[in-house]
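Here the structure comes first, spelled out in structure tokens, and everything after it is commentary.
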Amino acid sequence: MSKYSSYVLFLLISVFVVILYVNDFGPLQSLQQTMTDQFVAMTTPEGNQRNVVVVAIDGRTQDEYGSWPWNRDLAADLLAATASGEPKVILADFDLSEDAYQDSAGFTAVLAGQLSWMENVILPYDIALATYRSSKTNNPDHLFNYSLPVDNPLGLMNEDASLQVRKVFLPAEKLLEHDPYLGFNYTMPDEDRVLRHQPLVMNYEGYYYPSMSLLAAAIFLGVSPDDVRVIENKAIHVGSQSVIPINNTSAGFIRHYPATAFKRYSAAEVLGNDFDFGAFKNKVVLVAVDDPSITEAFRTPIEEATPKYLVTAGVIENIINQNLVDVKDERTGLNMILLFFLGAICAFVLPQVS
């Protein structure tokens, strides 16, 4: 028996490693995550990205025009000035929820009036997650216009295949009168607090809706929400223009860009007299607040603190440029066969080595 004890030992170790692998053993999972992060960091695209530009309501802007939050008539001026540059998409990435003061003072009406002639503006909305999928089915006003088809006969994915949402917080009703585009705004890092994935689809009252990043990329590519098709656990097809690999929760893996990758303009420049609005032509213009005291930031595989609006810009560029990473999280049979094969080699070769 002692003749075969070393073989049996290595085979048992192989079985043990496979069991740990299948059950997401922490050190193995951490090693795989580290290798993926290093790959992403080494292959980070260099140079300015050509499709997305940022208009930042930054310190300079707030020194000149007042601290954020602004009255909505000033936000209207900024969006109108941006629209004059003829961008393909404007993403107003800031809070536009109901506000009694803004309504009574007439500022919400001013913003609504400006939005009435802009056909390419996306307004974000927040969501509250549910612990399970509701059986309720509804097609809410304004939001239902942007529901996504799912590629199966029932039009319904597995319960865990997307975010489950119990409540949505849409922009002020006055701002929805002319049916602007609506995309949900949600970001959540992994368990180790590193942001690697971006949810692209959520389920609300029986229908699926796109994130603001997915919607912005689709509009830029000339694809309507009706032509954005979700294939469960596999991919999202943005018409024939882009195919986005997704995991089993309909989240895409983010290939992050450094902050210097995006052309950035201060909102003070845009509101000034000498700005060249040709810089916005045929771009996605992301208008966001850049203030360290209120702007959320995340640790990513390439930087310790990336502002949330730059994460959004990165996801949009990923989709438009097809600069996507397909990370397989599931434990495939091929991987387990490979582990057994390596274990068998160790079992029969290593005992022969003195």
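The values are calculated or read from the model by the stated rules, or taken from the named source; none is laboratory data. In this text the structure is predicted, and so the values were computed from the model without any measurement. Because the Cβ atoms are built from the backbone with ideal geometry, glycine has one as well, and the counts that use them run over all protein chains shown.
Residue by residue, here is whether (1) surrounded by 18 or more Cβ atoms within 10 Å (Cβ to Cβ); (2) over 18 Å from I219 (Cβ atoms) holds:
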residue	(1), (2)
D63	no, yes
S67	no, yes
R72	yes, yes
E86	no, no
I90	yes, no
A100	no, yes
G113	no, yes
W117	no, no
L123	yes, no
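Within segment 124-135, how many residues are under 12 Å from K167 (Cβ atoms) and part of a loop (DSSP other than H, G, I, E, B)? Working first, answer last.
Of the residues in segment 124-135, the ones under 12 Å from K167 (Cβ atoms) are 125-130, 134.
With the extra rule that they be part of a loop (DSSP other than H, G, I, E, B), the set shrinks to 130, 134.
Count: 2.
Given the criterion assigned by TED's automatic domain parsing to the domain that holds S147 and in contact with a helix residue (DSSP H, G or I) (Cβ under 7 Å, 6 or more places away or on another chain), identify the matching residue among N273, N233.
Values: N273 fails: in contact with a helix residue (DSSP H, G or I) (Cβ under 7 Å, 6 or more places away or on another chain).
Just a single option satisfies the conditions, and that option is N233.
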Self-check item: Meets criteria (at pLDDT below 95 and closer than 27 Å to R133 by Cα) for P245
Solution: yes
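Identify all residues within segment 245-284 that are charged (D, E, K, R) and not in a strand (DSSP E or B); write none if there are none.
Here is the first cut: in segment 245-284, the ones charged (D, E, K, R) are 255, 263-264, 269, 274, 276, 281, 283.
Across segment 245-284, the qualifying residues are R255, E269, D274, D276, K281, K283.
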Quiz prompt | Unmet requirement for M1, which otherwise passes all of (1) touching an Asp or Glu at 6+ places or on another chain (Cβ under 8 Å); (2) surrounded by fewer than 16 Cβ atoms within 10 Å (Cβ to Cβ); (3) modelled with pLDDT under 95 | solution = (1)
Quiz item: Restricted to segment 248-280, and to residues that are modelled with pLDDT of 95 or more and touching a Gly at 6+ places or on another chain (Cβ under 6 Å), which residue is surrounded by the fewest Cβ atoms within 10 Å (Cβ to Cβ)?
Solution: F277
